[in-house]
């Protein structure tokens, strides 16, 4: 978006606000729509247009806009929609995401940001360790539990396949911490290939190859269950642990597709994978 377009979008938005305050709803809608065309990523414009749609009783359009807002607190907007009696129709998604933050219906909620957010698909607050709320809907008879289980089983197999495929990614990770200052460095292709980089924070030269050899020796001492946990929950470990665990799994020729320990862990973690 150019500076001119941004300025025009701001002018149209401010005009829309004034029209809305004067209860000229149709004219306000036109201004907000034109502003959104110029600045389609503006959640502030989306929010105010959603309010206009409520006034026009276009509840579905208002809810769709609210569901696409991620950085603004929309609790009041959802409250206004709830007062109208509007409720979106519930349908089972084609697949259950690995974790909430990968789901297009997930919106972080500021007051519980450290624990979870708001599922705009089911209009419910969710925490990082909870099962998909499709199960809650099934308990209330809004969707069929058999249909959920069928999709979950397929999803489980797809997840397992993705983890198997991830073992081919043996290169050094995209980021690597400096041995001196601990600053995470984003490595370019040459640095990854050479396993050597200069820290962008303190200027220290890092020989990642030596670190890799040390990590590989450490991975050889781990039981396979611990290796699988690194694969499933990488954010619980230092970033360099993931490629090291993958290398060790390959070295041991562990078949994730047939391994019972991995299958049990994946079944346990599939609703709480690395938020």
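The values are calculated or read from the model by the stated rules, or taken from the named source; none is laboratory data. Keep in mind that this is a model prediction, so the values were computed, not measured. Cβ sites come from the backbone with ideal geometry, for glycine too, and all protein chains shown count toward neighbours.
Quick notes on this one:
- Taking the conditions (1) touching a helix residue (DSSP H, G or I) at 6+ places or on another chain (Cβ under 8 Å); (2) not in a strand (DSSP E or B) in turn, residue 226 satisfies each one other than (1).
- Exactly one residue out of 15, 23, 44 is at pLDDT 80 or above and part of a loop (DSSP other than H, G, I, E, B), and it is 23.
- The range 184-223: number of residues that are part of a helix (DSSP H, G or I) and more than 19 Å from residue 164 (Cα to Cα): 18
- Among the residues making up the range 248-269, a single one is surrounded by 19 or more Cβ atoms within 10 Å (Cβ to Cβ) and in a loop (DSSP other than H, G, I, E, B): 256.
- Taking the criterion of being crowded, with 17+ Cβ neighbours inside 10 Å and more than 28 Å from the chain's Cα centre (by Cα), the residues of the range 205-247 that qualify are 206, 208, 211, 212, 215, 219.
- Verdict on residue 32 being without any contact (Cβ under 8 Å) to a residue 24 or more places away in the chain, in the same structural domain as residue 73 (by TED's automatic domain parsing) and within 22 Å of residue 76 (Cα to Cα): yes
- Entry remark, the range 26-41: residues being in a helix (DSSP H, G or I) and under 29 Å from the mean Cα position of the chain (by Cα) number 6 in total.
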